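> Could you have a look at this structure, given as structure tokens, before my questions?
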Number of protein chains: 2
Amino acid sequence: MRPISFEIKKKGPGLARAGVIITPHGLIETPAFTAVATKADIKGIDVTQFKELNLQTIISNTYHLYLSPGEDLVEKAGGVGKFMGFDGPIMTDSGGFQVFSLGAGFGKKISKFISAELDPTAAGQQGNASGSNSAPPTIYDEDLATSHGKLAIVDEEGVTFTSHVDGTLHRFTPERSIEIQHKLGADIIYEFDECTSPTADYDYQKEAMDRTHRWADRSLKAHRGNIKKNNEQGIYGVVQGGQFEDLRIESAKALAAMDFDGYGIGGSFSKEDILGILDKVNRKLPEEKPRHLLGIGEPEDIFIGVEAGIDTFDCVLPTRNGRNGGLYTKQGKIQIPNAEYKEDFTPIDAECACFVCKNHTRAYVHHLFRTHEMLGPILASAHNIYFLSTLVKQIRQSILDGSFEEFKDSFLNKYQK
Amino acid sequence: MRPISFEIKKKGPGLARAGVIITPHGLIETPAFTAVATKADIKGIDVTQFKELNLQTIISNTYHLYLSPGEDLVEKAGGVGKFMGFDGPIMTDSGGFQVFSLGAGFGKKISKFISAELDPTAAGQQGNASGSNSAPPTIYDEDLATSHGKLAIVDEEGVTFTSHVDGTLHRFTPERSIEIQHKLGADIIYEFDECTSPTADYDYQKEAMDRTHRWADRSLKAHRGNIKKNNEQGIYGVVQGGQFEDLRIESAKALAAMDFDGYGIGGSFSKEDILGILDKVNRKLPEEKPRHLLGIGEPEDIFIGVEAGIDTFDCVLPTRNGRNGGLYTKQGKIQIPNAEYKEDFTPIDAECACFVCKNHTRAYVHHLFRTHEMLGPILASAHNIYFLSTLVKQIRQSILDGSFEEFKDSFLNKYQK
């Protein structure tokens, strides 16, 4: 039997389903919120708090852990779960998103189809680079000649990129990403995909998607070929295709035909591009396998995602917003450092049962932010994670009860007012 | 009956005693470690963690809370305990230490007995300034003419000082400090004292001490004169006298003659100056009242302090060291960011039962510090507070058991090796 299995308990409305993902480290009751533990920790939150924050599972980043402390050290520690002291289910992403977004500085400047002056296969890292150079590599940097700066060079075999920490040159291939993820040892790992820029045109998106499918096949072979790891870890494919509906559907079909244990919907730099076509994409994926929406998961997105057939969500915004003083409430997001909360002795969210809302007032959290106390970001992150985890838990219950629509209307009516 | 009382359960060796301070917000079993919650929070630690960190009580800083959020807001919140969500016993200091150390930049440059060009009584804050100018004010700044910079001007009535945050001018008098502390509402408050520089000479230390005694009398009158607050809060006097044994003894005698509920040993910029004469000082203080050593409390100091008759200790070092990666272990302090801990998969302290040691390895905490994750300082601070609170708790038990000497020898033998 595969290490990852999925049971659907109740379906509808739309593609919504309440289910259970069974992993070597326990169950994930879905829909579920997956907190982001980039460097094997959620920023400001200790593993001992996960249970009271209603957190079942987390996702760690292969790119970051590869750079520091390195996958070999994590393997020596017994895998990322043992390393961080968490005995529940864990995912690792493939590193693709960070390689492209941190390596190339997405959103700043991107040039494509520039002939490589660097031989990407000559980069320092090992990783099954074959040396074949069938297509001209894609270079995400205009200043290649003058500095390594931010750089990601794509060729058929993989990606050569610079570390965002120290500018050193590294190389990932599908095989290398899987090798690293085997050492990190998460319950669920991802194929290595190319994350395209939202400004890339149709032709490039198609080319990148086709390459991602070849990488998907190679990732899958690398995983299934390692009998031990294949028995311990499940692997998800990643649907790409940018903002183009036909490409997304083509990608879903192509990946559905491969023997993955689940699917991620990836490459979502702009959530507007993907949320509208999620339902159509998910209809092409096998119903009996779990689906994860990569990098999107604010309250309003979660309702859309669930109804379109998404089972798990991850998102850095609860902690990133929290660190900047942005807090979720049933009435929408508030900026706690704002002057209006200085003498507000009510909880952040009067209906919330998290330890922050049970013990502290808006005035206190406001004070912590205004006086630059690290406890402010800590409490804000904890509240936001609890808020989202609990919302998704309530959504699950509403699917089981057959009251999803009512719950959604009642929540969004207050939240978006 | 006074709001603060003290019961001694067992005495010896030396002046050591195990006791209980009874406060309006519960008991403090002594000896006890008092964590520093400068701005109504322990840096990186939430009140919900106090119990598991063996923390009975905290001390907050009047100077910081006066500047932000202001004592009126804290009073509206119901006092500092309610404001921060802590229902246990709390102390506030008088603000004296911060007025002098943050206002004047102690240790940088100090000039004394410069005639004031500023009229200190003209400063913006209210506070019972009488306007009398019997002695030339003491100015802790050479550049007064060119900038407010860091400044503390002492006159008979009080101190005029600049905020370390924005350089604005403020004024504390004994009456004003007590008024602020009444609004902050802690169980134990302190008289307003002058904290002298360790470089001050004998004559100046004596002059400052005599002034502090007059301020002690005024603080006490201001407190006892407020019937409501006098029934809710206890007040401690503060022994001064710098590094001079005869002055310290004179100070202890003078304060012992006043009707305080307990005593702080203050002005300890250099712990070497005070630890050696603590026993002699405490012998002059009434045995039946609790004694607090202000600002000193690392493991080796605590043994000396307890044997010399100290009941409670506060110290910023557990959290300050923690934030910088310094961790207490039974074998002494370690710097967790050092390379030697990169692959050390043992707990920070193998004998420690704190949640950090139960769930995490040195390698993990090392990784968090090396990758600049805020969870590193959080975990380090939590461990250090637990370490000290628990050490003091064990010391208390050893007094009760009559095994203090053995416990001390066994601890220090390992700790200082």
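> Calculate the mean, over all residues of peptide B:334-346, of how many other protein chain Cβ atoms lie within 10 angstrom of the residue's Cβ.
On the way: counts 0, 0, 0, 0, 0, 0, 0, 0, 3, 5, 0, 6, 0.
Across the residues of B:334-346, the mean count of other-chain Cβ atoms within 10 Å is 1.
> Rounded to the nearest 10 degrees, what's the angle between the helix B:245-256 long axis and the longest principal axis of chain B, both from Cα atoms, 0 to 90?
Its long axis makes an angle of about 80 degrees.
> Return one number: the angle in degrees, 0 to 90 and rounded to the nearest 10, between the long axis of the Cα atoms of helix A:375-401 and the longest principal axis of the Cα atoms of chain A.
90
> Could you give the size of the charge dipole of the range B:322-415 about its Cα centre, using +1 on the Cβ of each K and R and -1 on the Cβ of each D and E, expressed in debye and rounded to the nearest 20?
Values: 11 positive and 10 negative charges, 54 e Å.
Rounded to the nearest 20 debye, it is 260 debye.
> So if each residue of separation counts as 0.36 nm, and I subtract the Cα-Cα distance between B:Glu340 and B:Tyr204, what length gain in nm does that give? Before the final figure, lay out the partial values.
Values: separation 136, 0.36 × 136 = 48.96 nm, distance 4.82 nm.
Length gained, B:Glu340 through B:Tyr204: 44.1 nm.
> Using +1 at the Cβ of each Lys and Arg and -1 at the Cβ of each Asp and Glu in the range B:267-417, identify which of B:Cys357, B:Thr390, B:Gly325 lies farthest towards the dipole's positive end.
B:Gly325
> Given the options B:His372, B:His292, B:His170, which has the most mean-square fluctuation in a GNM of chain B, springs set between C-alpha atoms less than 10 angstrom apart?
For chain B, modelled as a Gaussian network with Cα springs under 10 Å, the answer is B:His372.
> Can you list the HN-Hα couplings for the range B:38-51, worked out from phi with the Karplus curve (6.51, -1.76, 1.60; θ = phi - 60°), rounded to whole Hz and with x for Gly and Pro?
Along the range B:38-51, the couplings run 2, 9, 6, 7, 7, 4, x, 10, 8, 4, 5, 9, 4, 4 Hz.
> So, one more: Please compute the average number of Cβ atoms from other chains found within 10 Å of each residue's Cβ in peptide A:39-51.
On the way: counts 7, 6, 11, 2, 4, 6, 3, 9, 5, 9, 4, 0, 0.
Going residue by residue through A:39-51 and averaging, the value is 5.
> Looking at chain A as a GNM with Cα springs under 10 Å, which of A:Leu151, A:Leu293, A:Leu400 has the largest mean-square fluctuation?
Of A:Leu151, A:Leu293, A:Leu400, the most mobile in the Gaussian network model is A:Leu400.
> Restricting to bridges with both residues inside the protein assembly as shown, how much of the DSSP beta-bridge set is antiparallel, in percent to the nearest 5?
DSSP beta bridges in the protein assembly as shown are roughly 50 percent antiparallel.
> Same structure again: Other chains' Cβ within 10 Å of B:363-375 residues: what's the mean?
Values: counts 6, 10, 0, 2, 12, 5, 0, 3, 10, 1, 7, 9, 12.
Shielding by partners across B:363-375 averages 6.
> Quick one: angle between helix B:404-415 and the longest Cα principal axis of chain B, in degrees between 0 and 90, rounded to 10, please.
80
> Going by a ≥ b ≥ c, the root eigenvalues of the Cα gyration tensor, does the range B:152-228 fall in the rounded group (a/c under 1.5), the prolate group (a/b larger than b/c) or the oblate group? Working shown, then result.
Numbers: a/c = 2.25, a/b = 1.29, b/c = 1.74.
The shape class here is oblate.
> Next up: Add -39500 (n - 2.57) for each DSSP H run of 4 or more in the protein assembly as shown, then divide by its residues: what number comes out at 222 nm, to the nearest 500 deg cm²/dmol?
-11000 deg cm²/dmol
> Let me ask something else. 7 Å from Cα along Cα→Cβ at both B:Lys253 and B:Gln331: what's the point-to-point distance in nm?
In this crude label model, B:Lys253 to B:Gln331 measures out at 5.0 nm.
> How do B:Ser403, B:Ser60, B:Ser177 line up, fewest other C-beta atoms within 10 Å first? Let's see the in-between values first.
Values: B:Ser403 12, B:Ser60 26, B:Ser177 31.
Ranked by crowding around the Cβ, least crowded first: B:Ser403, B:Ser60, B:Ser177.
> Still on this model: If you place +1 on the Cβ of every Lys and Arg, -1 on the Cβ of every Asp and Glu, and leave all else neutral, what size is the dipole of the protein assembly as shown about its Cα centre, to the nearest 20 Debye?
Working: 92 positive and 114 negative charges, 264 e Å.
Around 1260 debye, computed over the protein assembly as shown.
> Here's another thing I want to ask about it. Out of all Cα-Cα pairs in the protein assembly as shown, roughly what percent, to the nearest whole number, are more than 41 Å apart?
44
> Calculate the FRET efficiency for B:Arg214 and B:Ser270 from the Cβ-Cβ distance with a Förster distance of 35 Å, rounded to the nearest 0.05. All intermediate terms of the calculation are to be shown ahead of the outcome.
On the way: r = 25 Å, r/R0 = 0.72.
Taking R0 as 35 Å, the efficiency between B:Arg214 and B:Ser270 is 0.90.
> Specify the residue with the greatest mean-square fluctuation among A:Phe161, A:Phe83, A:Phe303, computed from a Gaussian network of chain A linking alpha-carbon atoms under 10 Å apart.
Of A:Phe161, A:Phe83, A:Phe303, the Gaussian network model singles out A:Phe83 as fluctuating most.
> How far, in nm to one decimal, is A:Lys330 from itself in the other copies if the label point is set 7 angstrom along Cα toward Cβ? Shortest first, please.
Listed shortest first, these distances are 5.0 nm.
> Can you give me the C-alpha center-to-center distance between the range B:54-87 and the range B:341-417, rounded to a whole angstrom?
For the range B:54-87 versus the range B:341-417, the Cα centre distance is 28 Å.
> I need the Debye-formula profile for chain B: one equal scatterer per C-alpha, no solvent, reported as log10 I(q)/I(0) at q = 0.09 1/Å, two decimals.
-0.54
> While we're on this one: In percent, what relative contact order does the range A:220-357 have, based on Cα pairs under 8 Å that are 6 or more apart in sequence? Could you put the intermediate results ahead of the total?
Values: 171 pairs, mean separation 21.4, N = 138.
Relative contact order for the range A:220-357 comes out at 15 percent.
> May I ask for the net charge around B:Ile395, where only other residues with Cβ less than 13 Å from the Cβ of B:Ile395 are counted and Lys, Arg are +1 while Asp, Glu are -1?
Overall, the nearby charge balance is -4.
> With the cut-off at 28 Å, tell me which of the pairs A:Lys76/A:Lys206; A:Lys183/A:Lys284; A:Lys229/B:Lys342 have Cα atoms farther apart than that.
Flagged as over cut-off: A:Lys76/A:Lys206; A:Lys183/A:Lys284.
> So, one more: Arrange B:Tyr204, B:Tyr190, A:Tyr341 by Cβ neighbour counts within 10 Å, fewest through most, would you? Provide the component values of the computation, followed by the final result.
On the way: B:Tyr204 16, B:Tyr190 31, A:Tyr341 24.
Ordered by Cβ neighbours within 10 Å, fewest first: B:Tyr204, A:Tyr341, B:Tyr190.
> Can you list the residues of the range A:75-103 with backbone N under 20 Å from a point 7 Å past the Cα of A:Asn324, pointing along Cα to Cβ?
Backbone N within reach: A:98, A:101-103.
Values quoted throughout were computed directly from the atomic coordinates according to the rules given, and no laboratory measurement underlies them. This one's a predicted model, so the numbers in the text were calculated from it and none came from an experiment. No Cβ is skipped: glycine too gets one built from the backbone with ideal geometry, and neighbour counts run over all protein chains shown.
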